[in-house]
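Structure first, commentary second.
The values are calculated or read from the model by the stated rules, or taken from the named source; none is laboratory data. These numbers were taken from a predicted model, which means no experiment stands behind them. Reconstructed Cβ throughout: ideal geometry from the backbone, glycine too, with neighbour counts over all protein chains shown. Surface areas here come from the heavy atoms of the whole protein model, side chains and all, with no ligands, DNA or RNA. Shrake-Rupley method; radii C 1.70, N 1.55, O 1.52, S 1.80 Å.
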Amino acid sequence: MRYLFLSFLFVLASLTSAFAIHPSIKSKKHILVIHSYHQSFAWTDSISNGIESVLTPLENEVETYYEYLDSKRFVDPTFIESFDQKYKLLCSKLTFDVIIVSDNNALNFVIKSRKRCFKNIPIIFCGINNYKPELLMGEKRVTGIAEYTAIDSTLMLMHKLQPKRKILIINDKTVTGLANKSIIMDALPELEKDIFIEYSDNGNMKDIQEKVRNLSDDWMIYLAPFSMDSDGNYYSFSDAVRLVSEASAVPIYSSWDFYLGKGIVGGYITSGVLQGKLAGEMALSIVKGVNPDTIPVLKESAVSVKIDHSVLSKFKISESNLTKGTIIINREKTLFEKHIVLFKNIMIIGFVLVFLLIIYSVFKHRQKKVLERQNLELDRKVEDRSRELLEANENLSRKNLEITKQEELSKLAYLRLKAILNNSLVGIVVTDGEGKIIDQNNRISEILDYQKGELLGKDIMSTFLNKSNYNILMSEYEQLEGSKAFIRNEIPLKRVDNSVIWAKIYISEMLYSYSDDANIWVVDDVSEIVENRANLEKRTSELKKINETKDQFFSIISQDLKGPLTSAVGLLEVFTKSSDSFSDLEIKKYVKNCYESVHNISDLLDNLLRWGSIQIGGVPWNPNTIDMRNIVDTVLNTFETIAKVKSIELKNNISLNLNAFGDENMIKTVVSNLVNNAIKFTRKNGLVDVSAEIENNRIEILVRDNGIGIEREDVQHLFDINKKTQHEGTSKESGSGLGLVIAKDLVEKNKGSIRVESDINVGTRVYFDLPIEAPTS
């Protein structure tokens, strides 16, 4: 009832603040979800599903970000602490309205890091084991849902369903396992009055399977969340329940939904989906203005009795002892339930057939009446039509005489018009409805280089206008209403020698023609105008590109050069004014920092000048056949000292005599930039290797490392000068972010392409390809 009441409050808050979040608002609300464990972990995914069920319908108003601490597979506390800097940076870039945390590790991390990273941001927790207010360390604006694990209730349910059996509890020694152990140990003194219970959290998975396999028929098993055995082997919950079920000949119970439907009988089930849904509803109410301090912590919620009927039947357990309100899944359907769709379809077909028979009878009756009326009306119309035909015949005889006179006058007018058209400065043709040329003047022959009269009788599409353009022009022309006439500029026409000219075409309906649907085509040669404009547009585009390059160049200087230069000037100013007050060690530190700032400025200027030269065409391209192994050897030799400092192994796996076609200096620069990046972002004792393959007459070179990798959202911006990404190397090396931009420009200048694949903490792979031989055109 408490959960229902709070749900009602959340819905009421949503309705009363409906105008607070509206598609017309200027910006979305941001919610950060931090999970203790990893993605694809069953419990974590179920909580995410619950959160999404509430927030996804509002995706136009609320944007949700999901993060994972992965503390189930990486239990070292320093691993979790390493996220501190990441979230400090994230929260400096984005303003979050609410943070949702799942499970204890995430809550502990956020509480400890709140002052540094998440200051004053409301926090909602869910899935918290052994919740006590002390866990919040006095922090305000924090509320949520404690993970109420009804272990004792499930053990009592097991005893109620199978009272003569002993119980074996299987648990692990993870953080979650220790929390559950505390709950179990608190409950054991009372439970052991009526039930024989054995607790086990030792041994590897093989030991556990062997123990389960040897249980007699008077035992049953309670399986707690199991993810790591005593040998440190990690198991997903699905794998854990499967391995235990395969070894067990006795019933298995549990209190978590990620085991349900996978071989357990059931129990008082804690639902991750419901935990996530409640957390999502709390977050939504806070986003819409509710004070988090007014929302009480839910300590007993998201639990219900659920039983798998298929497992219940397998072990012949009676349903009579199940509590009222028990949810039963996988119950075998009745004959009616199995074929309900068939029964529904039969009833629908029956109703349709009866309905069609009624309609058919009514239709036949009405049709008979209509036919009788139509016959009477038809007889009357025949008499009227006969009378009209007699009158029309008399009128037709009179009009024939008039037409004969008009034809003679038209012939004279045609001859006069023909003389005028033959002396016109534009080309003119007349086509019939099928596009056949039925008349022309002399100028059209001159424009298209045909003999006089040579176009007559030919199809317009087979002479000077292609079928596609003809269909487009005629489609537009046919859509005109009233007097049809329109002009289209710059249509390509084919001359007799297959050369192309550009023309302005005027099409109009030819009235009073002896051919139906005849059209007049007026053709004016505008090739010179088109050519002049194309040259102007080309020059304008070149000037625009040069101007954009200038803007980008100055933008980079103002943004990236200012930082290290300011740092160097500041260090020198402090040292100059107060040099006597510093020790030798401090002086060395200032000089070192100043040197690093000046060195960064030098690297940045080198990259800027190289990139600027590429953009304005100042780097000459001298392609030739180049030996890729020799180029890579040369580059790796230059980085040998730097690599030794970090104990990084450099390998050249390119075969001998493997050649490409390109500018040797440019390709050296490309390989140098890629190897430099690989060394910079690879930890000590790492590996950087270069290899190549030939496919489809092209050589693809791969520069690969096993370094820290690149975030997926950063990969797509690596080659964008306007969105260049800058990160420190594994030894705090700095960079301008221009190395890959320059590499891309140089590869493309050598008729190649470049792409990047990367996985966090696995490494980065950069591929670029080049032609093996000089292109034929």
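Tabulated data for the structure shown
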item	result
Residue in region 158-178 that is in a loop (DSSP other than H, G, I, E, B), in contact (Cβ under 8 Å) with a residue 60 or more places away in the chain and out of contact with any helix residue (DSSP H, G or I) (no Cβ under 9 Å at 6 or more places or on another chain) present	yes
Selected residue (only one of VAL287, VAL303, VAL297, VAL311 is open to solvent by 10 Å² or more (accessible area, probe 1.4 Å), within 32 Å of the chain's Cα centre (by Cα) and of a type in the set (A, V, I, L, M, F, W, C))	VAL287
Single unsatisfied condition, ALA249 versus (1) among the hydrophobic types (A, V, I, L, M, F, W, C); (2) surrounded by 14 or more Cβ atoms within 10 Å (Cβ to Cβ); (3) assigned to a loop (DSSP other than H, G, I, E, B)	(2)
Helices (runs of 4 or more DSSP H) contained in region 575-692 and holding at least 2 residues within 28 Å of LYS749 (Cα to Cα), open to solvent by less than 80 Å² (accessible area, probe 1.4 Å) and at pLDDT below 95	584-615, 628-638, 664-680
Residue list for region 429-474, restricted to those being more than 21 Å from TRP502 (Cβ to Cβ), among the small types (Gly, Ala, Ser) and open to solvent by less than 40 Å² (accessible area, probe 1.4 Å)	GLY453
Residues of region 693-706 that turn out to be surrounded by 20 or more Cβ atoms within 10 Å (Cβ to Cβ) and within 17 Å of SER672 (Cα to Cα), as a count	4
One residue from ASN233, ASN202 being surrounded by fewer than 14 Cβ atoms within 10 Å (Cβ to Cβ) and modelled with pLDDT of 90 or more	ASN233
Subset tally (residues that are surrounded by fewer than 21 Cβ atoms within 10 Å (Cβ to Cβ), more than 23 Å from HIS727 (Cβ to Cβ) and touching a Leu at 6+ places or on another chain (Cβ under 6 Å)) for region 64-73	0
Failed condition for LYS206, given (1) touching a residue at least 12 places away in the same chain (Cβ under 8 Å); (2) at negative phi	(1)
Subset of region 437-481 (residues that are in contact with a helix residue (DSSP H, G or I) (Cβ under 6 Å, 6 or more places away or on another chain) and among the charged types (D, E, K, R))	LYS452, LYS467
So LEU425, is it outside any helix (DSSP H, G or I), aliphatic (A, V, I, L, M) and open to solvent by 90 Å² or more (accessible area, probe 1.4 Å)	yes
Cross-chain or 6+ apart pairs with Cβ under 8 Å, region 516-530 first and in a helix (DSSP H, G or I), then surrounded by fewer than 17 Cβ atoms within 10 Å (Cβ to Cβ)	VAL530/GLU490
Residue match in region 191-199 (condition: surrounded by fewer than 23 Cβ atoms within 10 Å (Cβ to Cβ), touching a strand residue (DSSP E or B) at 6+ places or on another chain (Cβ under 7 Å), at pLDDT 90 or above and part of a loop (DSSP other than H, G, I, E, B))	yes
Residues that are over 16 Å from ASP524 (Cα atoms) and either in contact (Cβ under 8 Å) with a residue 40 or more places away in the chain or surrounded by fewer than 12 Cβ atoms within 10 Å (Cβ to Cβ) (or both), drawn from region 477-494	TYR477, GLU478, GLN479, GLU481, GLY482, SER483
